[in-house]
Amino acid sequence: MDDQNQTQLSRADQVRLYLATLQARMDPDQFRVLGRLVTGAITLLTSPSDELGIDISDEDEVFLTREVKDELLAILGILATGRMDQQVIDLGDGATSIMDPQAAADPVKVQELREWTAEQRRLRRETDTVLRGIADASQA
């Protein structure tokens, strides 16, 4: 879809159009789980409460595939940017992000994002290790 047509559609209409195409090609159970995720994500984004979550039943966990997660990310990207041409990029270790097509086509920018993400994971692991050590020491 070109930029001119995108500007004529509201973000909600863009999401509806995207969901209609997904429904036509996705497994119905995966699409149902995706619908729950989208509804839950919108509720989380619009709610003042910090105690909301998105519950997926144990039976539906099997349908929470990488494809479903990537499609959720694409939908949230449409809502955030108003663009339907974002690309989902694998950042390693199960992390993904969306990038505009120009950035996604630039291997240097993609690698920079992957390296930044890896560094953030490393820093989180270090922080978690320190916090576990503090918690263990305080219980001793």
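Do we have Ile54 as loosely packed, with under 15 Cβ neighbours inside 10 Å, more than 23 Å from Glu119 (Cα to Cα) and among the β-branched types (Val, Ile, Thr) here? Here the answer is yes, as Ile54 does meet what is asked. Among all residues of the stretch 115-129, there is none that is under 26 Å from Arg11 (Cα atoms), among the aliphatic types (A, V, I, L, M), touching a residue at least 24 places away in the same chain (Cβ under 8 Å) and not assigned by TED's automatic domain parsing to the domain that holds Met26.
Select from the stretch 77-100 the residues that are β-branched (Val, Ile, Thr) and in a helix (DSSP H, G or I) and write down the one among them that is nearest to Arg66 (Cα to Cα). This residue is Ile78. The condition (being in contact with a strand residue (DSSP E or B) (Cβ under 6 Å, 6 or more places away or on another chain) and free of Cβ contacts under 8 Å to residues at least 40 places away in the same chain) is satisfied by just one residue among Leu45, Leu73, Leu9: Leu73.
Among the conditions (1) assigned by TED's automatic domain parsing to the domain that holds Asp13; (2) touching a Lys or Arg at 6+ places or on another chain (Cβ under 8 Å); (3) part of a helix (DSSP H, G or I), Ala103 misses just one, which is (1).
Pairs linking a residue in the stretch 27-39 that is of a type outside the set (Phe, Trp, Tyr) to a residue that is at pLDDT 95 or above and not in a helix (DSSP H, G or I), with Cβ atoms under 8 Å and 6 or more positions apart or on different chains, are Leu34/Met26.
The values are calculated or read from the model by the stated rules, or taken from the named source; none is laboratory data. Not measured: the values here are computed from a predicted model. FYI the Cβ positions are ideal-geometry reconstructions off the backbone, even for glycines, and counts take in every protein chain you see.
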